[in-house]
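The values are calculated or read from the model by the stated rules, or taken from the named source; none is laboratory data. In this text, all values refer to a predicted model and were calculated from it rather than measured experimentally. Glycine also receives a Cβ, built like all others from the backbone with ideal geometry; neighbour counts cover every protein chain displayed. Accessible surface is based on the protein model in full, side chains and every heavy atom, while ligands, DNA and RNA are left aside. Shrake-Rupley method; radii C 1.70, N 1.55, O 1.52, S 1.80 Å.
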Amino acid sequence: VALHPVPPPYLPPWTFEVPSGSLILFMASQRSFAESARRIGGAARVAMIHLHDATAWDDWASVRVAWESVTGAAEGLLPMFYFTRLAGLVGCAEQRHIEARLHAPFKALKDMLIAARAEGAGLGLARDFLRRWWADGSPAMRDAEVLFCGEPVWLCPLLDEIAERPMIMRFNMAILDEFMYNNGQTGSVFDEWWDEFAAFMDRGRVFASVGTRYTVEQVAYLTGGALRYPYVPFLGLAMDPRPVLPRRPRNEALLFQSNLPPMLAFKRMLKAAATVFAQGEGGPEAPHIVDMNDLPRGVCRPEMGMYEAAILLPHNPAPIRLIDLYAQGVVIYVPAEPLIHKWIWANRPFGGYNGPPVYRSMPSRRLASTHAVEPPDGHPPFSATAFLFKWSIIEHIDDRRYWLQYTEWELLPELQRFRGIAELLQMLHSRSPAQVEAVRAAMNMHLQARR
């Protein structure tokens, strides 16, 4: 790896990705927003259209902090969650909070997405679905003072057409994640959606951002460099860096759950090797691997913070669990190159090679530019899709290595990278309290700078 470097990534500040005429860049506009927010006061309803519970919770925490920074209070801010799937936070306080404020069930969205697979289904199906929930209930989505459109983000242009007022759009995964028309293949509905998207951008009522640098670049590549959204990373604002529960023994390392077959094989070998290590040179202080798959129930975020160390095998370019642990000061062990390539691209939601072709396909129409500063000539130097359309261990090696640099696994400093099981066990066994404190201090400094 060191002997064969690839070009460095292009990492512009977020202001480069905002259109030069955008109101968000003008102080007068910012003051006007602040004055409007203060008139509303601390009490306001926020409609959160968000499929994923952990991501919705992080975004909700960011909305609260932003609102409080403008108005001085956020206690009266009331979330209205729509279509959120309660899966990653089951049994946790966050789940109960979302569930009590859930205005539309995940099943409603799921049924619509299944219906979209039917032959002849068009965008009218999604429009009718959104119109129903726009007006359903008391209060309804239309009664919210703030509209926050998350994932699946392909619904946002259709919602904007109905709402006819400003909204926040923020996403993390592929721009057409969960777009299941024509069974995930390109076709007339795919082309129609991009026409709707172009009209949506021309209306200029949305302020958009993306939580993953990789997705920023993926969308830019698919649109011929036209769409470059500001990179506003997840900040873990819902996490407390101070341990709220007693620390677990230092030699315990939390191994994150995953049921992907290649990861299961690695985990079995890791636990077997840890047993042998404890019987030999490791002794009683040898690393003890706590596999989340073996626990009787899920582990809530504060419970994760009880562990000094955690082992994560990357199943996509930017899992929310990574920043949740990072914000709590957990020392995180992740695979280095080339091992990381074994797992990270086998995802579906980010347009990995397990995803349908529509996630990685380019629109036929040209789109207007959304950024103020052009990337350098020749950017990007490698295709963002060739290595995903055709997976091969011996092909597109430089492509994969180049695009890896845009993932959170490479962008976050102080992640502890291992090249194999033996090195991982030695790293876990040899870390000292002083090293842990130094890593935590550097992680916290980076996170505060991001915030």
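Quick one: in the stretch 303-350, of everything that is over 20 Å from T212 (Cβ atoms), among the charged types (D, E, K, R) and out of contact with any Cys (no Cβ under 9 Å at 6 or more places or on another chain), which residue is modelled with the lowest pLDDT? So the residue we want is K342.
Only one of the listed residues (L428, L412) is under 19 Å from L313 (Cα atoms), crowded, with 19+ Cβ neighbours inside 10 Å and over 23 Å from the mean Cα position of the chain (by Cα). That residue is L428. Among the residues making up the stretch 328-359, a single one is over 19 Å from the mean Cα position of the chain (by Cα), open to solvent by less than 10 Å² (accessible area, probe 1.4 Å) and more than 23 Å from E414 (Cβ to Cβ): V358. Inside the stretch 133-154, residues that are surrounded by fewer than 17 Cβ atoms within 10 Å (Cβ to Cβ) and either within 25 Å of the chain's Cα centre (by Cα) or among the charged types (D, E, K, R) (or both) make up a count of 4. Of the residues making up the stretch 50-70, one or more are open to solvent by 20 Å² or more (accessible area, probe 1.4 Å) and of a type in the set (S, T, N, Q).
For every residue, the table says whether it meets (1) assigned to a helix (DSSP H, G or I); (2) open to solvent by less than 10 Å² (accessible area, probe 1.4 Å).
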| residue | (1), (2) |
| --- | --- |
| N182 | yes, no |
| D191 | yes, no |
| W194 | yes, yes |
| M201 | yes, no |
| F207 | no, no |
| Y214 | yes, yes |
| E217 | yes, yes |
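Being among the hydrophobic types (A, V, I, L, M, F, W, C), open to solvent by 40 Å² or more (accessible area, probe 1.4 Å) and not in a loop (DSSP other than H, G, I, E, B) is a property that does not hold for L130. For the stretch 80-90, the condition holds for at least one residue, the condition being that it is open to solvent by 60 Å² or more (accessible area, probe 1.4 Å) and either assigned to a loop (DSSP other than H, G, I, E, B) or closer than 25 Å to I320 by Cβ (or both). Set side by side, the residues G224, G236 differ, and just one is open to solvent by 70 Å² or more (accessible area, probe 1.4 Å), outside any helix (DSSP H, G or I), closer than 30 Å to Y214 by Cβ and in contact (Cβ under 8 Å) with a residue 60 or more places away in the chain, which is G224. Of the numbered criteria (1) without any contact (Cβ under 8 Å) to a residue 12 or more places away in the chain; (2) open to solvent by less than 80 Å² (accessible area, probe 1.4 Å), the one E119 fails is (2). Being small (G, A, S) and either out of contact with any strand residue (DSSP E or B) (no Cβ under 9 Å at 6 or more places or on another chain) or closer than 30 Å to T370 by Cβ (or both) holds for only one residue in A253, A265, and it is A265.
The condition of being modelled with pLDDT under 95, under 27 Å from A309 (Cβ atoms) and open to solvent by 40 Å² or more (accessible area, probe 1.4 Å) holds for only one of H396, H446, that being H446. Any chance the stretch 163-173 includes a residue that's in a helix (DSSP H, G or I), within 27 Å of D58 (Cβ to Cβ), within 22 Å of the chain's Cα centre (by Cα) and free of Cβ contacts under 8 Å to residues at least 60 places away in the same chain? So far as the stretch 163-173 goes, no, none of its residues is in a helix (DSSP H, G or I), within 27 Å of D58 (Cβ to Cβ), within 22 Å of the chain's Cα centre (by Cα) and free of Cβ contacts under 8 Å to residues at least 60 places away in the same chain. Within the stretch 360-386, count every residue that is open to solvent by 40 Å² or more (accessible area, probe 1.4 Å), within 25 Å of the chain's Cα centre (by Cα) and either of a type in the set (S, T, N, Q) or under 23 Å from F179 (Cβ atoms) (or both). Looking only at that region, the number is 2. If we scan the stretch 328-345, do we find a residue that is touching a residue at least 24 places away in the same chain (Cβ under 8 Å), within 27 Å of E437 (Cβ to Cβ) and of a type in the set (S, T, N, Q)? Checked the stretch 328-345: at least one residue is touching a residue at least 24 places away in the same chain (Cβ under 8 Å), within 27 Å of E437 (Cβ to Cβ) and of a type in the set (S, T, N, Q).
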